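This report concerns only the one structure given below.
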Amino acid sequence: MTDELPARIGAYCRVLAQDYQKNTARAVADLAILRRGLGKRPGDDLASWGIILRAAGHTLNEHTESPTRREWAAHTALTLFAYHQQSERSRPMHRESVSIGSACRALIKASGESSEEPIRRRFHALGTSTSIAELSHHARSIVGLLRAEDIAMDYARFTRDLISWQYPDAAANVRLRWGRDFYRLPSNDDPIDEGTSA
């Protein structure tokens with residue numbers, strides 16, 4: 001059975017970015033509210049949590065005392081997207097097929113050689129995170145750099161990766177994919193090498 005949550009998150013990011021580009025009051029407000037959830041646990045900020053649950057629709061119907069892996073993934077992806085899209089009205093910061101590893105590779109290309117080592121260190125810190133809260137912290141640092149260079153990434157894919165990363169047996173596969181995307185040589189059909197922005 002395919003998890004519909006990542007697709008729902010991606011679709012919401014796409015619509016929210018389009019509405020933000022049109023300067024609709026709801027999109028502006030929703031992005032601001034979502035940013036208030038940055039660095040917090042799912043549900044700690046009820047206003048942002050309400051938006052996240054609305055975006056996820058029926059795909060998040062959990063009944064546990066603590067946030068679930070899927071709730072953490074949706075919360076992390078949407079609050080980071082809101083931070084990424086902040087003040088960027090010319091293009092969406094959600095772009096299909098661009099993993100966080102590919103986006104970091106594009107960041108080095110856009111920032112220049114002098115930035116390569118600091119970006120690589122941040123990427124490695126992301127990969128060696130031992131908790132979802134730590135991973136969210138390191139991802140926020142990376143997203144801030146991506147935002148500065150107008151480099152978009154795929155938030156549906158990121159949501160899927162965040163869900164998988166929280167399972168010990170699958171975390172290594174997520175790191176493997178991120179590492180491949182970060183370190184591999186560019187190819188002619190690589191979406192990130194066709195231009196770093198959406």
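Descriptive notes on the structure:
- Test: residue in segment 4-14 that is touching a Lys or Arg at 6+ places or on another chain (Cβ under 7 Å) and either surrounded by fewer than 20 Cβ atoms within 10 Å (Cβ to Cβ) or within 30 Å of Leu185 (Cβ to Cβ) (or both): yes
- Selection count, segment 104-136, where residues are within 16 Å of Trp165 (Cβ to Cβ), out of contact with any Leu (no Cβ under 9 Å at 6 or more places or on another chain) and in contact (Cβ under 8 Å) with a residue 60 or more places away in the chain: 1
- Checked against the criteria, Ala32 counts as surrounded by fewer than 19 Cβ atoms within 10 Å (Cβ to Cβ) and either outside any helix (DSSP H, G or I) or hydrophobic (A, V, I, L, M, F, W, C) (or both).
- Qualifying position, being touching a strand residue (DSSP E or B) at 6+ places or on another chain (Cβ under 7 Å) and either crowded, with 18+ Cβ neighbours inside 10 Å or of a type in the set (Phe, Trp, Tyr) (or both), among Leu126, Leu146, Leu107: Leu146
- Restricted to segment 3-30, and to residues there that are under 14 Å from Asp161 (Cα atoms) and not aliphatic (A, V, I, L, M), the residue that is modelled with the lowest pLDDT is Asp3.
- Exclusive hit being surrounded by fewer than 22 Cβ atoms within 10 Å (Cβ to Cβ) and at positive phi, set Gly112, Gly50: Gly112
- Each residue in segment 168-183 was checked for being surrounded by 14 or more Cβ atoms within 10 Å (Cβ to Cβ) and within 16 Å of Ser97 (Cα to Cα), and 6 pass.
- Members of segment 57-90 found to be aliphatic (A, V, I, L, M) and surrounded by 24 or more Cβ atoms within 10 Å (Cβ to Cβ), listed by number: Ala73, Ala74, Ala77, Leu78, Leu80, Ala82
The values are calculated or read from the model by the stated rules, or taken from the named source; none is laboratory data. Remember, it's a predicted structure, so these values are computed and weren't measured experimentally. Glycine gets a Cβ as well: all are built from the backbone with ideal geometry, and neighbour counts include every protein chain shown.
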